[in-house]
Each structure stands twice: as C-alpha cells, then as structure tokens.
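Below you'll find the structure, written out as structure tokens, and then a few comments.
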Amino acid sequence: MKIAILSRRSSLYSTRRLIEAGRERGHTMHVINYLRCYMDITSKNPQVMFRGEPVRGFNAIVPRVGSSHVFYGASVVRQFEMMGTFSANESEAINRAHDKLRQMQLLARAGIGLPVSGFANDIQDIDVVLDAVGGPPVVVKLLNGTQGKGVVLAETRKAAESVIGAFRELDADILVQEFIKESRGTDIRAFVVGGRVVASMERTAPPGEFRSNIHRGGTAVKAKLTPEERKTAMKAAKSVGLAVAGVDLMRSNRGPVVLEVNSSPGLEGIEMASGVDVAGRIIEYLEKNAKHGKTKSSVKG
C-alpha cells in the first residue's frame, strides 16, 4: 500500500515509528506536512495539493494532527476522505475528540464513567458549579489544554474561585471536575486500535505534582487492565468514533472513570513502557481496513 503520515515533522518519534513499521511490512511510506497542504475543492474533482503538486494514489492516511491546528488538520483529512482515501481516524472523530466538552457529553450519553464535572459561562455561577462537583479540592481545566497544560488543582473554595475567575476574565472555556483523591497521582493510558486495547501503561506524577503526564516529568510502567477498564477504554474510543485512540483513565472508588480520549496519542511512552509495537498494530489495522471510499462514521453527535 501507499500510506501517508500527516505530520508536521518527520523527526518526531511517533512519525518515525509509523514510517519504520510501514516499511517493515513492505508499504510505501510518505510524510506530508498537513499545514503545507492546500485544497482544491472543485466539484466532482476534490484534490489535496502539496508543494504545488496534487497528492494522488494513497491507499490510506494516518493523521497526526496537533491540538493547536485541529481545524485545518481535520479539514485536510476531510479532503482526503472526499477523494476516497481511507483514514485511520476520520475527520469528524478528530473534531469530536478535540472538543473536550462535546467529547464528555458523548461519553456521558454512552453511560461511561466520568469524573463529576461542571461547565458554566458566567462567573456568577461559580458557587453552583463547585457545589455540583462536590466542592474543593477540584480540578480546573482549560477546554483547549493539552499534555497537562491549563490544568490546575484548587484545594480550597477561595483558590477555586480565584482560578476560575482568572480564566473567565481571559474568556477561556473551562471545565471544573471533582478531584479523584484515591488515584494518588496515577492514571492509566490505554491505547486502542481498531476497537481493541493493544497496549496500556500506568503513569505516576512526580513528587509535589498531581498531573501524571510524561511531558511533565511523570513516569510510566506497563499496566495490567481489569476487564472493566479494558471494556471502558474500548467503549470510550467507539463513542467518540476513533479507531486509533489514547484513552486516559483513573481508578476511582466507583470504578474506572475516563479523563480524556486523544485522537493523536504519542507512541514513545506507550511503546517504551509496554514493550508493544503499537506502530505496527496501527499499520496492521490499515492493512485490514483500508478500502477505497470507506470513510463514513457511525457515531452521531
């Protein structure tokens, strides 16, 4: 097959691993910077242009769309879909995953365990939102944050009111969530490919930090999921419409709760911790499913 990785840089670990995995299986692999693409939206003849030339003949693409460029990146993916090219993750699913509020609403509709969460536009409703999530300590999250950025633990009501008020003064959209004390600074990343969990890791926050993201100094080890955790991760990815997803979970006293579903999860941490060739699993998924024109999503909302 002829496969394109939509990525801003070929030097990134995840991009390199996908290229290696594809070539090991005899596929022709290319890296295309989706921000350097432009789209010809001519009726009945849609095209993606890259470096002045039309992009043609690809059997499949693997989008690696960064959170700060989702609108344009998903638009490029959609253009490939219009051309009949199979995408590991569809454009609409990428948009759903990026919109954290929409994502949580989809997960809630599917009956998936979530931290108790509140969302409001008016700072006069802060007390109501805090009471709705059980009061402090609470986690305050920017809706457009990533890799632990824009996530603050407010341990008192006064601190929570101050943080929320500051974010709203900047006209930032935020979520307020209960703090899962029993997680003790750990969470789980389950990597889902084609409806199955192929690898998992447990991440632990460094001393003095509650965020367990590896980019923030967290450590990771291979995790053994319970049947309920595995089922929750698979259901979460399906609810958002993602075939390739990183599902972040916490172990709470009432069972697993989903923190986030990521459409472009990094491969380095999960491969190092689990010892699983995750990039190879993604290529295998394309081999089994990349049929021309097969891009319709079954998820509503």
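The values are calculated or read from the model by the stated rules, or taken from the named source; none is laboratory data. Just so it is clear, the model here is predicted, and its values are computed rather than measured. Cβ: placed from backbone, ideal geometry, glycine included. Neighbour counts: every protein chain shown.
The number of residues in segment 1-46 that are outside any helix (DSSP H, G or I) and more than 21 Å from the chain's Cα centre (by Cα) comes to 19. Among the residues making up segment 171-203, those that are over 11 Å from SER274 (Cβ atoms), at pLDDT 90 or above and of a type outside the set (Lys, Arg) are ASP187, ILE188, VAL192, VAL193, GLY194, GLY195. When you scan segment 219-233, do you find a residue that is at pLDDT below 95 and either hydroxyl-bearing (Ser, Thr, Tyr) or within 26 Å of VAL70 (Cα to Cα) (or both), even just one? Yes; the residues of segment 219-233 include at least one that is at pLDDT below 95 and either hydroxyl-bearing (Ser, Thr, Tyr) or within 26 Å of VAL70 (Cα to Cα) (or both).
Taken over segment 252-285, the criterion of being out of contact with any helix residue (DSSP H, G or I) (no Cβ under 6 Å at 6 or more places or on another chain) and farther than 19 Å from ALA108 by Cβ is satisfied by SER264, PRO265, MET272, ALA273, SER274, GLY275, VAL276, ASP277, ARG281, ILE282, GLU284, TYR285. Can you find even one residue in segment 93-116 that is crowded, with 19+ Cβ neighbours inside 10 Å, of a type outside the set (Phe, Trp, Tyr) and in a strand (DSSP E or B)? No: zero hits.
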